[in-house]
Amino acid sequence: MVNTIEWTDAGVVMIDQTKLPGEETYVTCRTYNEVADAIRTMVIRGAPAIGCAAAMGVALGVQKASDENIDAQVDDICDTLAATRPTAVNLFWAIERMRTLFGKLRREGAAAAAIRQRLIDEAQEVLRDDIASNKAMGRNGAALLPAGGTVMTHCNAGALATGGYGTALGVIRAAVESGNRVAVMANETRPFMQGARLTVWELQQDDIPVTLLTDNMAGYVMRCGEVNAVVVGADRIAANGDVANKIGTYSIAVLAKENAIPFYVAAPLSTLDMNLESGDRIPIEERSPDEVTEIRGRRIAPAKTQVRNPAFDITPSEYVSAIITERGVARAPYVKTLRALAAR
Ligand code: MRU
């Protein structure tokens, strides 16, 4: 399985997801600003992976910070990392986890060197926890997938989008590991092509059969009876079970309901935002128009084209058959079941 991100003595090393599948190259971030840039430019992407990167970014920033004014420097580090991408709540969750630990160590009067080491340890624990959550999620969700069936997924919610193993692809991996030879249909996921570039590449590494579709083919193949279940990841889940995920997810969920196909969301509890009652208040990132008017740097639309480029959409919980987490599977009414899982 591919190593998405790693803490090393030289810095934070990430596989460069903007170059895949053509080139398998690695980027070393030596400062927290470089980590912030890597998140913003999507060298690393996917909600849990962004969280791991942010935790390591904080540890890196504190490692390089001077002892004077360290509290103010930590505020700057956290604010810079928090300003990279607005939708994936794992980013804010991870920064808060690091900031809380820093504050606790300061109150306890820990020495600067000890604080630096504890934050490095914590960031590595965020990564380890994420991989463990994904494996648990896989165990919890695998039985939901139909035997020998075909599972549609959107975007990339795999090892590349997490610390490792994946959320939606983790459930698929766990099903395959348990002997269920499911096949995957991957939507290409315009405009950034996470499905075509990353999901197909990742599944090929594991010899899991995968067929690539353009996004506008989903309805047709569902109506033809070629899809038995849909599994996607999430960037933020509100307390009522509304799900923010990659743009296009909502359309697929509606099509799945229309065609009586179960629609599952796999996400760790760090993706839950219990402070938001519904998905209406989830901030949706709007990215550069160039991602829509160009493909790999080549212009496809006329100059001066007006563009919308929302990177995510909200799927209302009524379309979600179940939410698979590391603590178990939640079903409607999500207001109750998600609260119960989060409190456990
Ligand atoms: O813009 P991206 O590539 O960061 O968006 C990623 C997604 O939408 C994923 O489905 C989501 O983060 C879950 S990843 C386990």
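The Cα atoms of the stretch 66-143 give a gyration tensor whose axes a ≥ b ≥ c have a/c of 1.5 or more with a/b no greater than b/c, which makes the shape oblate.
Between K257 and E318, what is 0.36 nm times their sequence separation minus the Cα-Cα distance? Round to one decimal in nm.
On the way: separation 61, 0.36 × 61 = 21.96 nm, distance 0.93 nm.
Net length gain for the segment: 21.0 nm.
Once R0 is set to 30 Å, what does the formula 1/(1 + (r/R0)^6) return for the Cβ-Cβ distance between R181 and E286, expressed as a FRET efficiency to the nearest 0.05? Result of the calculation: an efficiency of 0.15. Taking the longest Cα principal axis of the chain as reference, the axis of helix 89-107 is set at about 20 degrees. The distance between label points at E24 and T41 comes to 2.3 nm (points 7 Å beyond Cα on the Cα→Cβ vector). Volume per residue for the stretch 105-166 equals 109 cubic angstrom (convex hull of Cα atoms).
Helix 47-64 against the longest principal axis of the chain: what's the angle in degrees, Cα atoms only, rounded to the nearest 10? Computed tilt is about 10 degrees. For the stretch 109-139, the residues whose backbone nitrogen is under 20 Å from a point 7 Å from the Cα of Q63, taken along Cα to Cβ, are 111-131.
When a/c is below 1.5 the answer is rounded, else prolate if a/b is larger than b/c, else oblate, so apply that to the stretch 139-343 with a ≥ b ≥ c taken from the square roots of the Cα gyration tensor eigenvalues. Before the final figure, lay out the partial values.
On the way: a/c = 1.66, a/b = 1.18, b/c = 1.42.
Taking the square roots of the gyration eigenvalues as a ≥ b ≥ c, the stretch 139-343 is oblate.
Annotation: lysines with alpha-carbon distance below 28 angstrom to K104 (same-chain offsets under eight excluded): K64.
Approximating the spin labels as points 7 Å out from Cα along Cα→Cβ, the I70-to-R308 distance works out to 4.8 nm.
Convex hull volume per residue, computed on the Cα atoms of the chain, equals 136 Å³. Note on the stretch 82-219: along the principal axes its Cα atoms extend 58, 34, 23 Å, ordered by decreasing extent.
Computed from the C-beta positions of A132 and E96, the FRET efficiency with R₀ = 30 Å rounds to 0.90. Rounded to the nearest 10 degrees, the inclination of helix 168-177 to the longest alpha-carbon principal axis of the chain is 70 degrees.
Here the Karplus relation 6.51 cos²θ - 1.76 cosθ + 1.60, evaluated at θ = phi - 60°, turns the backbone of the stretch 7-12 into coupling constants of 8, 10, 4, 7, x, 8 Hz, with x for every Gly and Pro. For the stretch 5-135, the equivalent ellipsoid derived from the Cα gyration tensor has semi-axes of 24, 15, 14 Å, listed largest first. For the stretch 228-344, the C-alpha radius of gyration sits at 1.21 times the compact-globule guess of 2.2 N^0.38 Å, with N the residue count.
As a calculated quantity, the FRET efficiency between A111 and T8 at R0 = 22 Å, using C-beta atoms, amounts to about 0.35.
Laboratory data are not the source of any read-out in this text; all were calculated from the coordinates shown. Fair warning: this is a prediction, and the values are worked out from it, not measured in the lab. Every residue, glycine among them, receives a Cβ derived from its backbone with ideal geometry; neighbour counts consider all protein chains shown.
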